[in-house]
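Where a number appears in this text, it was derived from the coordinates with a stated rule and is not lab data. Only a predicted model underlies this, so the values are computations on that prediction, with no experimental measurement involved. Reconstructed Cβ throughout: ideal geometry from the backbone, glycine too, with neighbour counts over all protein chains shown.
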Amino acid sequence: MDTLTVQPGGVLSGTLRVAGDKSISHRAIMLGALAEGTTHVTGFLEGEDCLATLEAFRAMGVPIRREGPGEVIIEGVGMHGLRAPEGPLDMGNSGTAMRLLCGVLAGQAFDSELTGDTSLSRRPMRRVTEPLTRMGAQIDTAEGGTPPLRVRGGQPLQGTEYALEVASAQVKSALLLAGLWAEGRTCVTEPAPTRDHTERMLEGFGVEVERDGATACVAGGGRLRGGDVDVPADISSAAFFMVGASIAPGSHVILRHVGVNPTRTGVIEILRRMGADIRLLDLREVSGEPVADIEVLSHELRGIEIPEDQVPLAIDEFPAIFIAAACAHGETVLTGAEELRVKESDRIQVMADGLAALGVDCEVRPDGIRIQGGDGFQGGEIQSHGDHRIAMAFAMAALRADAPVTIHDCRNVATSFPDFADLARQTGLHLEAQ
Ligand code: S3P
């Protein structure tokens, strides 16, 4: 699927379960591999990103079986059971896989190398390699601090106390994971709350994580116990349908079994402030994570100033939120979001180019964007720059367009949401994939 063509108009309706949570799926493979005993994962995201993690652990000698859809059985090898892979570990498009694995590999006895695709090869890695080096790791990057990463094995690690410069769950997780092999305690303090799936899942696998305000600490030398992980649907994938249903008059969708961890629900908070009608039904806890069904009814939206404290809590949802902002009355302003420039693409510039191509008035700023809301979009052509979330966000824009929207370079939708096109069609989008 390289090009998506979406005919204008339509209404979203129905009950659907979107793809499994990407962040939790990566972590389930990693912790399951390092645990003692069997880990049974259900709801696993069979997207390319998480499959890259799965293949990397297979390449390090971990028996991993894929049973039914979304079902994975991992025979954990324990904290000291990984073996040297035969060649470089290819992380594809996945920043999460590369950064978290870098933390794991820093504690191993063998040398390893992490590589990625063109987009990943441009992304900043010093944010993980610098603190890991302080712990005693030896990691080489390419010039400019980008991949490939060469990790020297057999380096003893020391626990550390590290205050993160950027609010990044990937960096926090890499350090906590490396801390499992370090001597003493490793404590990470974050400047703002970020997703805490690593902390929650470590606890589920029997590792004590001390959490005090913005700081999380683990002690080295512990062991992980395998078990069952039920992965909820990904709120980041659900976000496209939340926005689509909000902006297309007459829409009504129920998104089933979605992870609603409070470190991920910024998109609900922001859309509600814009006037969206979103309800959480049957809130429950599954494998240590809050889960709910999410009901969305279309509603008129208004522009807002997005509170900066919501930025890390909605970091992956801004492409979808920008589409909502373009359909709102008045202006929406985002600030404090420079991290968006180093995601799978520069999501501020690429979204602004796409919005402009569809006739939306917007102004790019170094750390955000101003979007003038209006009645909807004109048709046009979008370059997604290989960024899955840009592609899916603009597919939803067609619901409020007056002519077809054609989106190019969409293959990477398969990294996070392989059945997006089918589900979107079933729910009411007039979409064709070529
Ligand atoms: C992720 C953390 C976020 C997010 C990414 C997944 C994770 O990245 O953008 O898609 O699973 O830890 P940062 O931590 O770099 O912000």
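What range in the chain is the longest one free of GluC sites (Glu not before Pro) that are in a loop by DSSP and have at most 15 other Cβ atoms within 10 angstrom? Could the numbers behind the result be given before it?
Working: sites that count: 67, 71, 86, 143, 165, 208, 300.
That gives 301-434 as the longest site-free run.
Quick one: which residues, 5+ away or cross-chain, put their amide H under 5 Å from the amide H of residue 107? H built at 1.01 Å from N.
none
Return the ratio Rg/(2.2 N^0.38 Å) for region 95-198, where Rg is computed over Cα atoms only. Can you show the working numbers first?
Numbers: Rg = 12.6 Å, N = 104, 2.2 N^0.38 = 12.8 Å.
Relative to the 2.2 N^0.38 Å estimate, region 95-198 comes out at 0.98.
Defining a contact as two alpha carbons under 8 Å apart and six or more residues distant in sequence, what relative contact order in percent does the chain show? Write down the numbers at each step before the final one.
Details: 1130 pairs, mean separation 87.3, N = 434.
Taking the mean separation of contacting Cα pairs over the length of the chain, I get 20 percent.
Considering only DSSP beta bridges with both partners in region 353-430, what is the antiparallel share in %, to the nearest 5? Intermediate values should be presented prior to the final figure.
Working: 4 of 9 bridges.
Approximately 45 percent, going by the DSSP bridge assignments.
Suppose every Lys and Arg Cβ carries +1 and every Asp and Glu Cβ carries -1, with no other charges. What dipole size does region 224-332 come out with about its Cα centre, to the nearest 20 debye? Working shown, then result.
Numbers: 8 positive and 17 negative charges, 29 e Å.
The calculation lands at about 140 debye.
Need one number: nm distance between label points at residue 134 and residue 272, each 7 Å from Cα along Cα→Cβ, rounded to one decimal.
Calculated label separation equals 3.6 nm.
Which of 226, 87, 154 moves most in a GNM of the chain, Cα contacts under 10 Å?
In the Gaussian network model the winner is 87.
Go through region 13-25 residue by residue and turn each phi into a ³J(HN,Hα) via Karplus (6.51, -1.76, 1.60, θ = phi - 60°); whole Hz please, and just put x for glycine and proline.
My calculation for region 13-25 gives 8, x, 10, 9, 10, 7, 4, x, 5, 5, 4, 6, 5 Hz in order.
What length, rounded to one decimal in nm, is gained on full extension from residue 210 through to residue 228, with 0.36 nm per residue of separation minus their alpha-carbon distance?
Numbers: separation 18, 0.36 × 18 = 6.48 nm, distance 2.26 nm.
Full extension of this stretch gives 4.2 nm more.
I need the fraction of alpha carbon pairs in region 306-434 separated by more than 19 Å, rounded to a whole percent.
On the way: 3692 of 8256 pairs.
When all Cα pairs of region 306-434 are counted, 45 percent exceed 19 Å.
Could you tell me the relative contact order of region 22-230? Use alpha-carbon pairs under 8 Å, at least six residues apart, and round to a whole percent.
Working: 491 pairs, mean separation 45.3, N = 209.
Contact order relative to length: 22 percent.
Between residue 58 and residue 1, with labels modelled 7 Å along Cα→Cβ, what's the label distance in nm to one decimal, could you check?
Distance between the two pseudo-spin positions: 2.3 nm.
Using only Cα atoms, tell me the angle between helix 388-397 and the longest principal axis of the chain; keep it within 0 to 90° and round to the nearest 10.
The answer is roughly 20 degrees.
Modelling each spin label as a point 7 Å along the Cα-to-Cβ direction, I'd like the residue 426/residue 80 distance in nm, to one decimal.
Spacing of the two 7 Å Cα→Cβ label points: 4.8 nm.
What do the square roots of 5 times the Cα gyration tensor eigenvalues come to for the chain, in whole Å, largest first, as semi-axes of the equivalent ellipsoid?
Working: eigenvalues 263, 95, 82 Å².
With the √(5λ) rule applied to the chain, the semi-axes are 36, 22, 20 Å.
Nearest-5 percent of antiparallel DSSP beta bridges in region 275-434?
Details: 16 of 23 bridges.
In region 275-434, approximately 70 percent of DSSP beta bridges are antiparallel ones.
Give the Rg/Rh ratio for region 139-269, taking Rg as the radius of gyration of the Cα atoms and Rh as the Kirkwood radius, to two decimals. Could the numbers behind the result be given before it?
Working: Rg = 18.4 Å, Rh = 17.3 Å.
Result: Rg/Rh = 1.07.
Around residue 255, what is the net charge, scoring Lys/Arg as +1 and Asp/Glu as -1 over all other residues with Cβ under 9 Å from its Cβ?
Working: positive: 17, 256; negative: 293, 295.
Local charge sum for residue 255: 0.
By its C-alpha gyration tensor, with a ≥ b ≥ c as the square roots of the eigenvalues, how is region 22-230 shaped: rounded for a/c under 1.5, else prolate for a/b larger than b/c, else oblate? List each step's numbers first, then the result.
Working: a/c = 1.36, a/b = 1.12, b/c = 1.22.
Rounded shape, in that the Cα axes give a/c under 1.5.
Could you compute the net charge surrounding residue 384? Neighbours are other residues with a C-beta less than 13 Å from the C-beta of residue 384; K and R count +1, D and E count -1. Working shown, then result.
On the way: positive: 343, 347, 389, 411; negative: 2, 344, 346, 353, 381, 387, 409.
Within the 13 Å Cβ shell, the charges total -3.
So how do 392, 135 line up by other beta-carbon neighbours within 10 Å, fewest first?
On the way: 392 29, 135 23.
Fewest to most other Cβ atoms nearby, the residues stand as 135, 392.
Return P(r) of region 174-233 (all Cα-Cα pairs; 5 Å bins starting at 0; whole %; ordered from short to long distances).
Pair shares across the bins are 4, 17, 29, 24, 15, 9, 1, 0.
Considering the chain, which cysteines have no disulfide-compatible partner, defined as another cysteine with its Cβ under 4.7 Å away?
50, 102, 327, 362, 410
With +1 assigned to the C-beta of every Lys and Arg and -1 to the C-beta of every Asp and Glu, and no other charges, what is the dipole magnitude of the chain about the Cα centre in debye, to the nearest 20?
Working: 38 positive and 61 negative charges, 101 e Å.
In debye, rounded to 20, the chain gives about 480.
Is it possible to state the helix-based mean residue ellipticity at 222 nm for the chain, with each DSSP H run of 4+ residues giving -39500 (n - 2.57), the sum divided by total residues, to the nearest 500 deg cm²/dmol? What is it?
Working: 13 runs with 128 residues, N = 434.
Per the formula, -8500 deg cm²/dmol.
May I ask you to evaluate 6.51 cos²θ - 1.76 cosθ + 1.60, the Karplus curve with θ = phi - 60°, for each residue of region 258-266 and list the ³J(HN,Hα) values in order in whole Hz, giving x for glycine and proline?
8, x, 10, 3, x, 7, 10, 9, x
What fraction of the DSSP beta bridges in the chain is antiparallel, stated in percent and rounded to the nearest 5?
Details: 52 of 74 bridges.
The antiparallel fraction comes to roughly 70 percent.
Using the charge dipole of the chain (Lys, Arg: +1 at Cβ; Asp, Glu: -1 at Cβ; taken about the Cα centre), state which of 286, 377, 356 has its Cα farthest towards the positive end.
Of the listed residues, the answer is 286.
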